[in-house]
Each structure stands twice: as C-alpha cells, then as structure tokens.
Amino acid sequence: MARAITFSEYGAPEVLRLSDVTPPEPGPGQVRIRVRAASVNPFDMKVRSGRMADAVPARFPMILGLDAAGVVDAVGGTAGAAVGDEVLGAAVGGSYSEYTLLDRPVAKPGALSWEAAASLVTVGRTAFRVLAELGVQAGQTLLVHGAAGGVGTVAAQLAVARGITVVGTAGEHDLERVTALGAMAVRYGDGWPERVRAAAPQGVDFVLDTSGAGVLAESVALTGDSARVLTIADMSAAQHGVVFSTGSADRTGESLPELVRLAAEGKVSVPVWRTYPLAEAAQAHADLEARRNRGKAVLLP
C-alpha cells in the first residue's frame, strides 16, 4: 500500500484526507514513479470544490494532482525510461501520492531540483500552448497580465527567449520579479493602460491575460483587434470577442522537453513559494485559495 491524498466529496480543503491506496500499475508506454515532488495547481482546487464537476466529474475517492517528478520504479512496454531514472511529467490518475503514473516521462536534468521539476509541467506547457495560439513572433510586443503568476512567469520568459518584447503587469510587490524575467514591469490597478502605453510607445501587438482581473476591454483597445487577445482566466471573454483558451496543455508532450532544456540552461524558471509534506495538502489548498502564495506550492510525499 501507499499513502495518497484523496477526497470522497466536494467541498472545502478539509475534505482532503491522507489515505492508504494501492499503487497503480503502468500500462504500455507508461512508467510508475516514486513521487519526490507534486505541484499544486489552481485546477486542483476547482476540481476539489466541485466547480469543475460538469467538465471533470470526480470518481470518488479521487486523487488530485496534474504534475509530478520522481524516480521510476516500474515500467510498462515502450515507456522510454528505465527503473531508477529521474523523470518528470503529467501524472495519470493524480500526483498527490507516493506513487503515480506518467504517460510520457521526460528526463530530469541534475541541475533541476525536484520542486522546480514538478512545478514546470502544467504551467510551462500551458504557456507554450497559448503563445502558439496567439502566434506572436520575434520583434513583436506582447503584454502579459499576471506576469508574476505561474503561467505568466513562464510565458514571459519563453517570449523573451524568442526575441519578443514583453510588458508584464503585476502588483507593486512583484514588479522587481517581473523585471528580472526580462520584461518591462507595469503596476496593476487604475490607469494601467496609460502606464502600458508609456512603457511600450511602439504599441502592443498581442495580449495574454492570465489574471482574470477584468482587463479584457482595455486590452482589446490596446491591440485594436480582439483576435489579438487571449485569456485563460476571464470567463467573460466571449462578451469581448476574446478567445478563452481551454485546450489541453499539450498532453502530446511535444513542448516539455524544450521547457526542461530551457530550465536547465537557466532561461526558464518557476518560483517555488513553499513546500508541504503530503499530509498537509489541505493547508496548501487553503493558503493558495487565500492568495498567500507568491509562487508555486509543492507537496513532498
């Protein structure tokens, strides 16, 4: 048996329980890993609360978690990894557990910590995907709302690495962090469009909204075209003619090897705010829902 965090009803963080479960067996192309780190994503909290019940109905008891990094301890056919390999990837069946399955494991570089490796997966693949959907190219200017958040941080770094000029909005206390990404930092709040225009007098070609802070109307005005604005966080997108990106975060695995390479080279990083023992998953959820975090929360089974 193995320990895992499960829940058997929708509700507040307190529905999460430490339970004994049977370790999963890898199928063809899969590996089972002994989990060393599992990141906590906002999606997990939406599923736990029941807000995603229509799109992602739970099969109770359910194990949450999209991302994991760990050591391979069992291999299915044609898995592309061997027992003892250190890997990371998208978890199958939940990662808040001592053991989980990965469909397409990617080798973890020695330079990448377990916490950083687990934190990179979902936010990194999502950032990779939305930049492709926008079609922003080298030499153009991209405005990223929420540039200090998980997806925003990676999107800004990827864009800078591709020769794109990036303007990033953030709270006052995160402006230095955004500047460190290679972006021009602009403070959130009243008057932000004027501050963006001052920072980028050449204009803004595309806008990526990761904040959901009610910035879509002004963003469309900045670009002059709603097709040049994309959000992953604002449910009012259709009212502004803006795409709400809900596609898969590249579960084909095409982007993750590139993201890992960039992370190993120091060109992409995801800030890890705090680690928690597996048994404290409920506290991690409570902290993130109260917006106490300034970076990723990671569980350490």
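Each reported figure results from applying straightforward, stated rules to the coordinates on display, with no laboratory input. Bear in mind that the values here come from a model prediction, so they are computed numbers and not experimental data. No Cβ is skipped: glycine too gets one built from the backbone with ideal geometry, and neighbour counts run over all protein chains shown.
Structural remarks
- Segment 88-173, relative contact order [Cα under 8 Å, separation at least 6], %: 23
- Out of every Cα-Cα pair that segment 1-127 contains, those further apart than 26 angstrom amount to 19 percent.
- Here, P(r) means the percent of Cα pairs in each 10 Å bin from 0 to the largest distance; for segment 118-178 it is 25, 56, 20, 0.
- Sequence-ordered 3J(HN,Hα) estimates for segment 46-59 from the Karplus curve with 6.51, -1.76 and 1.60 and θ = phi - 60° stand at 5, 5, 4, 6, x, 5, 10, 4, 6, 7, 10, x, 7, 10 Hz, glycine and proline given as x.
- Restricting the calculation to Cα atoms, segment 124-244 yields a radius of gyration followed by a Dmax of 12.4, 34 Å.
- The residue among VAL130, ALA111, VAL87 whose Cα reaches farthest toward the positive pole of the charge dipole of segment 58-148, with charges on the beta-carbon of Lys, Arg, Asp and Glu, is VAL130.
- Taking label points 7 Å from Cα along the Cα-to-Cβ direction, THR179 and MET1 give a separation of 5.4 nm.
- Here the relative contact order of the chain, from alpha carbon pairs under 8 Å that lie six or more residues apart, stands at 18 percent.
- Förster radius 22 Å - calculated FRET efficiency between ALA161 and ALA198, Cβ distance, rounded to 0.05: 0.30
- From the coordinates shown, Kirkwood radius over Cα pairs in Å corresponds to which of [x] 19.7; [y] 20.6; [z] 22.9: [x]
- Relative exposure of TRP114, TRP192, TRP273, judged by other C-beta atoms within 10 Å (fewest first): TRP273, TRP192, TRP114
- 222 nm mean residue ellipticity, helices alone, for the chain (DSSP H n ≥ 4; -39,500 (n - 2.57); rounded to 500): -8000 deg cm²/dmol
- Once the Cα atoms are used to define both axes, helix 150-161 deviates from the longest principal axis of the chain by about 60 degrees.
- For segment 50-98, the convex hull drawn through the C-alpha positions has a volume of 106 cubic angstrom per residue.
- Counted by Cβ distance under 11 Å from SER119, the other residues give a net charge of -1, where Lys and Arg count +1 and Asp and Glu count -1.
- Estimated Rh, segment 63-144: Kirkwood, alpha-carbon pairs, angstrom: 14.1
- Using alpha-carbon coordinates, inclination of helix 114-134 to the longest axis of the chain, degrees: 40
- Taking segment 169-223 and dividing mean pair separation by its residue count, relative contact order in percent (alpha carbons under 8 Å, at least six apart): 25
- Near the amide H of LYS108, within less than 5 Å, lie the amide hydrogens of GLU86, VAL87, LEU88, all on another chain or at least 5 residues away, with H placed in the peptide plane.
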